[in-house]
1. With the requirement that a residue be over 17 Å from the mean Cα position of the chain (by Cα) and outside any helix (DSSP H, G or I), what does the stretch B:62-77 give you?
2. Taking the stretch B:1-29 only, how many residues are within 9 Å of DNA strand D (Cβ to nearest atom) and open to solvent by 60 Å² or more (accessible area, probe 1.4 Å)?
3. Does any residue of the stretch B:28-45 turn out to be within 12 Å of DNA strand C (Cβ to nearest atom), within 14 Å of chain A (Cβ to nearest Cβ), free of Cβ contacts under 8 Å to residues at least 60 places away in the same chain and under 28 Å from A:LEU84 (Cβ atoms)?
4. Show the residue pairs meeting these rules: Cβ distance below 9 Å; 6+ apart or different chains; first residue within the stretch A:172-184 and hydroxyl-bearing (Ser, Thr, Tyr) and modelled with pLDDT of 95 or more; second residue part of a helix (DSSP H, G or I) and surrounded by fewer than 15 Cβ atoms within 10 Å (Cβ to Cβ).
5. Working only within the stretch B:57-77, note down all residues that are open to solvent by 20 Å² or more (accessible area, probe 1.4 Å), within 13 Å of another protein chain (Cβ to nearest Cβ) and more than 16 Å from B:ILE154 (Cβ to Cβ).
6. Out of all the residues in the stretch B:46-80, which are in contact with a helix residue (DSSP H, G or I) (Cβ under 6 Å, 6 or more places away or on another chain), of a type outside the set (S, T, N, Q) and without any contact (Cβ under 8 Å) to a residue 24 or more places away in the chain?
7. Can you name the residue in the stretch A:31-56 that is more than 10 Å from DNA strand D (Cβ to nearest atom), assigned to a helix (DSSP H, G or I) and of a type in the set (A, V, I, L, M, F, W, C) and is also most open to solvent (accessible area, probe 1.4 Å) among such residues?
Number of protein chains: 2
Amino acid sequence: MARASDTLIEQLKHDIFSGLLKPGDQLEEADLAARFGVSRTPIREAIRSLVDCGLLETRPRKGAMVRVLTAKELNDLFEVAAELEGMACRLASDLLTLSGKKDIETGLEMCRVAAEAEDIPAYAQANLAFHAAIHKASGNAWLVDQLDQIQARINVYRLMPYEVVGRLEKSLAEHREISDAIFAKNGALANTLMRDHMMLQGARLPSLLKALE
Amino acid sequence: MARASDTLIEQLKHDIFSGLLKPGDQLEEADLAARFGVSRTPIREAIRSLVDCGLLETRPRKGAMVRVLTAKELNDLFEVAAELEGMACRLASDLLTLSGKKDIETGLEMCRVAAEAEDIPAYAQANLAFHAAIHKASGNAWLVDQLDQIQARINVYRLMPYEVVGRLEKSLAEHREISDAIFAKNGALANTLMRDHMMLQGARLPSLLKALE
DNA sequence: TACATATTATATGGATACATATGGAAACTA
DNA sequence: TAGTTTCCATATGTATCCATATAATATGTA
């Protein structure tokens, strides 16, 4: 049987990503224990894991709360994300396998369909799939891990930068350029294009953060 | 009072870095509890944290052991480290503050002294200080965190690539070039030089790994 | 009425007790 | 003697219990 804390971690992550738990919300061990029908022990282990992966923070004797990122921290995070996303493109260009190419094409096609339907939630998901395909195609397991974790932290803020008019089509066009560069095995170009693509999202951060208030 | 598990984490990290605990070694909770004079609860919390930061791994019902990295995983790790180290140089070049410059100069001077004395352990430490100064000078807190974690994972393998004749002087010369590029605010050059510098270490990995067997 | 202090309630941090699955040893059989 | 099966020891995973620090509230005084 799997450990109870593993289930709890998934559940709590889901609660945070879905917005049920918002940054700043307090987590009480006894409440969670009652809610999930387990003792405080696995609850505490789950909380500790989430603290370690940066989703929660604790003050001694004060318990855990969903971590609040400052604008500076979010910006730093985006900067690292942009660098690593670019790196993934470069590696994917160098390595480029048949199945890797196929996955990226699938992700791109998902983006195209969603953009054509102007379905923003679908595009957000397709966007994740496209990026994930590139991560995987890099062939570097650590890189995939790092990008997953960063993605998780960014996701908490549920930023939907596509709601700007025309951004969907523009994002799709950038995805096309990036894929083309990778398929042409032009790592340097793919790297740059992806960095720029990410930075465009990051540039919107300040206004989006204000909108959250 | 600080949490007991925090002390345990530091102690266990030290044991791992110092080689007292080697990759593959099994950790038994009861033993550790007796050794540190605490109950199993804080021990378990410490173990969980170390699992989360990648230093240990657990199999259900089988407990924790010091994580063993394959050659491929170590290589991937180095690749990411090289990218992020290069990024730190670029950001440090852009931002360059007076105190940042001073810290880097201090680190470089430590390297010079150690290299002149041909003191390999001292150089290893000075090397860390030099790199840490650049990390900090980047002004990106996430980047510093990531690099710290990667450094910790690499350190477990106690790679001492300086034992090659002349490598100390060569490493020092590279450090000088990197600092010069940063001080000249030439981010692109600093980035490239650092990437190359890191890759030179990474290239020695296979032979060093074999030597560990 | 406002501020300070003391008391109490409560939630976290740690210890201990209990359940259960896994690995190893021993015994039995082919 | 080798292999298989069963039993037991032990270590992990979970629950509960205890200690203590913190915070909130109430009371008393200025």
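1. Of everything in the stretch B:62-77, those that are over 17 Å from the mean Cα position of the chain (by Cα) and outside any helix (DSSP H, G or I) turn out to be B:LYS62, B:GLY63, B:ALA64, B:MET65, B:THR70.
2. Matching residues across the stretch B:1-29 total 3.
3. No, every residue in the stretch B:28-45 fails to be within 12 Å of DNA strand C (Cβ to nearest atom), within 14 Å of chain A (Cβ to nearest Cβ), free of Cβ contacts under 8 Å to residues at least 60 places away in the same chain and under 28 Å from A:LEU84 (Cβ atoms).
4. Once the first residue is hydroxyl-bearing (Ser, Thr, Tyr) and modelled with pLDDT of 95 or more and sits in the stretch A:172-184, its partners that are part of a helix (DSSP H, G or I) and surrounded by fewer than 15 Cβ atoms within 10 Å (Cβ to Cβ) give A:SER179/A:GLU105.
5. Answer for the stretch B:57-77, where residues must be open to solvent by 20 Å² or more (accessible area, probe 1.4 Å), within 13 Å of another protein chain (Cβ to nearest Cβ) and more than 16 Å from B:ILE154 (Cβ to Cβ): B:THR58, B:ARG59, B:PRO60, B:ARG61, B:LYS62, B:GLY63.
6. Passing the criteria: B:ARG48, B:ASP52, B:ASP76.
7. This residue is A:ALA34.
Quick grid of which residues meet (1) open to solvent by less than 20 Å² (accessible area, probe 1.4 Å); (2) within 13 Å of chain A (Cβ to nearest Cβ); (3) more than 22 Å from B:ILE16 (Cα to Cα); (4) over 15 Å from the mean Cα position of the chain (by Cα):
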{"site": "B:GLU79", "(1), (2), (3), (4)": "no, yes, yes, no"}
{"site": "B:LEU91", "(1), (2), (3), (4)": "yes, yes, yes, yes"}
{"site": "B:ASP103", "(1), (2), (3), (4)": "no, no, yes, yes"}
{"site": "B:GLU109", "(1), (2), (3), (4)": "no, no, yes, yes"}
{"site": "B:ALA114", "(1), (2), (3), (4)": "yes, no, yes, yes"}
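The values are calculated or read from the model by the stated rules, or taken from the named source; none is laboratory data. Keep in mind it's a predicted model, so treat the numbers as computed, not measured. Cβ: placed from backbone, ideal geometry, glycine included. Neighbour counts: every protein chain shown. Accessible surface is based on the protein model in full, side chains and every heavy atom, while ligands, DNA and RNA are left aside. Shrake-Rupley method; radii C 1.70, N 1.55, O 1.52, S 1.80 Å.
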